[in-house]
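Everything below concerns the one structure shown next.
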Amino acid sequence: MIIPIRHVFADQGFTGRLVNWTRETLRTRLAIVRKPADQRSFAVHPHRWVVQRTLAWLAVYRRLAQDYEYHPAVYAALIPWAAIAGMTRRMTRGQPARRQARRTFTRI
């Protein structure tokens, strides 16, 4: 199932013809996220941070970290798996950590 993207946030470097092109060609709304006029140092912008955080969570999944696949459809199939793996990891994080049983080998 493919979910259409209806709203996209972009950096202020993408102003201009791109806004009209995404509206007419892709039928998608492109919103330009600008930094506040009084900002002088680094600050996290909420809409930009969502994209960076999501891409970082997906990159933790080993097969999405590098270009291992030949077909783009394989990447599209791996993204939901990576999201599910990340969500289950975060859901089980509240439980206490368990150690693996220590293995002992006897010499003959």
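Taking the Cα-to-Cβ direction at Ala43 and at Ala76 and moving 7 Å from each Cα, how far apart do the two end points lie in nm?
The two pseudo-label positions are separated by 3.9 nm.
May I ask you to derive the relative contact order of the chain, considering only C-alpha pairs under 8 Å and at least 6 residues apart, and to give it as an integer percent?
Relative contact order, the chain: 18 percent.
Of Leu26, Leu64, how do they rank once you tally other Cβ atoms within 10 Å and put the fewest first?
Leu26, Leu64
Over the Cα atoms of the chain, Rg to Rh with Kirkwood Rh, two decimal places?
Details: Rg = 21.2 Å, Rh = 18.2 Å.
Rounded to two decimals, Rg/Rh equals 1.16.
Is there a quick way to get the dipole size of the chain? I mean about its Cα centre, with the Cβ of Lys and Arg at +1 and of Asp and Glu at -1; what is the value in debye to the nearest 20? Display every interim value, and only then the final one.
Values: 20 positive and 5 negative charges, 149 e Å.
Roughly 720 debye, rounded to the nearest 20.
For Arg29, enumerate residues with amide H under 5 Å from its amide H, sequence gap 5+ or separate chain, H modeled in the peptide plane.
His7, Val8
Sum -39500 (n - 2.57) across every DSSP H segment of at least 4 residues in the chain, then divide by the residue count to get the 222 nm mean residue ellipticity, nearest 500. Intermediate values should be presented prior to the final figure.
On the way: 4 runs with 43 residues, N = 108.
Using -39500 (n - 2.57) per qualifying helix, the result is -12000 deg cm²/dmol.
Only sites in a loop by DSSP and with at most 11 other Cβ atoms within 10 Å count here; which trypsin sites (Lys or Arg not before Pro) in the stretch 4-58 make the cut?
Answer in residue order: Arg6, Arg27, Arg34, Arg40.
Hand me the chymotrypsin sites (Phe, Trp or Tyr not before Pro) from the stretch 40-71 located in a DSSP loop with no more than 13 other Cβ atoms within 10 Å, in residue order please.
Filter output for the stretch 40-71: Phe42, Tyr68, Tyr70.
We did not get these values from a lab; they are worked out from the coordinates using the rules stated. From a predicted model like this one, the values you see are computed outputs, not experimental measurements. So basically every Cβ, Gly included, is an ideal-geometry build from the backbone, and we count neighbours across all protein chains shown.
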